[in-house]
Amino acid sequence: MSYQQTEWGQLRFGWRRAKSGYEWRDGPFQEFGVNPTELQQDRVLVAIGEPVEEYQLSANLFLAFSSLHPDEESIRAFADEWGLLGRYTGGIFFPKITPGKVMTGEPFKLWRDEIHAMARAQWLWESIKNEPELKDHIKWKGADAVLYEDEDSLEFEEAGVRTPRPGTTIASRETNPDVFATFKPGDLIRPARHYLQGLVRDHLIAPLRLVWTHDRKHMSLIGLPDSLIDYLWFELARSIADYRSFRPCLVCRQTMLVAAEGKGYRSKRLTCSDACRTKAHDIRVKAAAFRKKQRSHEKIAEQLNIDPEQLTKIMDAGQKSMTGRKRGSIRK
């Protein structure tokens, strides 16, 4: 990974991608330099051709990665735009197909596990601010242990070292007893914070550097990621440290950063772009016209090709916006 320091002390990170994109290939494969008897049967995402190009990474790219569906087509499309994660630095080869050719590639399992781990970390961070959501996954076993359970992640049970698993013990009288002693039975927040801290720490690998802040009056400690996946985890960690928040766009459902001025969208903003804001307005106008024709809410949602619950949220947001404007005019 490359980086460039601006005159204000900020860093711009660069990464590389295959010019011709990537494709999936069947195994078995081996990591270069690893014991040749250890064949892996997973599908592998490999570069099409050797030419690569460098590009500048976008801020908050981890939001797109954590919301990525872990299927081959979605992963390939992400890689075509942003490159490989950078975990397999030594390359791989297919002993039964091209035994003497080392290629640049990464197995499906690596992508799946990293997507799942980052999505879990982001969910934990958001749920910590809304305690009732934690009760579905942070479970106390009497007064002797507290666990993290996630039924949706059973398919990741064979994930690599340090990737969270269903039923993972956060702390108990036997496991991490010193940490467990700081928890009060029934509390969900502190165990969730401890679990999130460990999850991010185990994935965060980035050398540090001391640079000037934008006003040239102070020094700031920043991370220098070595790969795309390191950059994604570093961005997530920095968002947590800055106490930033996320929410899905009301229209396209893509996750967007919501934070204080200068760090993301306004805290009350519900759409990620002017295009989505315009589309939300169009939906309200069309929905209002359908209602005049005595159409049911479900039928209107079907006509507009959106989920009924999503339509409700869009309509409610428009009503709140109108109410706020009326109140503002009264104050004037």
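Throughout, read-outs are computed from the coordinates displayed, never taken from laboratory work. Worth saying up front: this structure is predicted, and the values here are computed from it rather than measured. Every residue, glycine among them, receives a Cβ derived from its backbone with ideal geometry; neighbour counts consider all protein chains shown.
Structure summary
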read-out: Neighbour-count order for Tyr231, Tyr148, fewest beta carbons within 10 angstrom listed first; value: Tyr148, Tyr231
read-out: Links that overshoot a 21 Å alpha carbon limit, given the list Lys135/Lys184; Lys279/Lys313; Lys129/Lys184; Lys129/Lys279; Lys139/Lys184; Lys109/Lys139; value: Lys129/Lys279; Lys109/Lys139
read-out: Residues whose placed amide H lies under 5 Å from that of Phe32, excluding near-sequence neighbours; value: Gly91, Ile92, Phe93
read-out: Label-point gap, in nm, between Glu31 and Tyr55 - each point 7 angstrom along Cα→Cβ; value: 2.7 nm
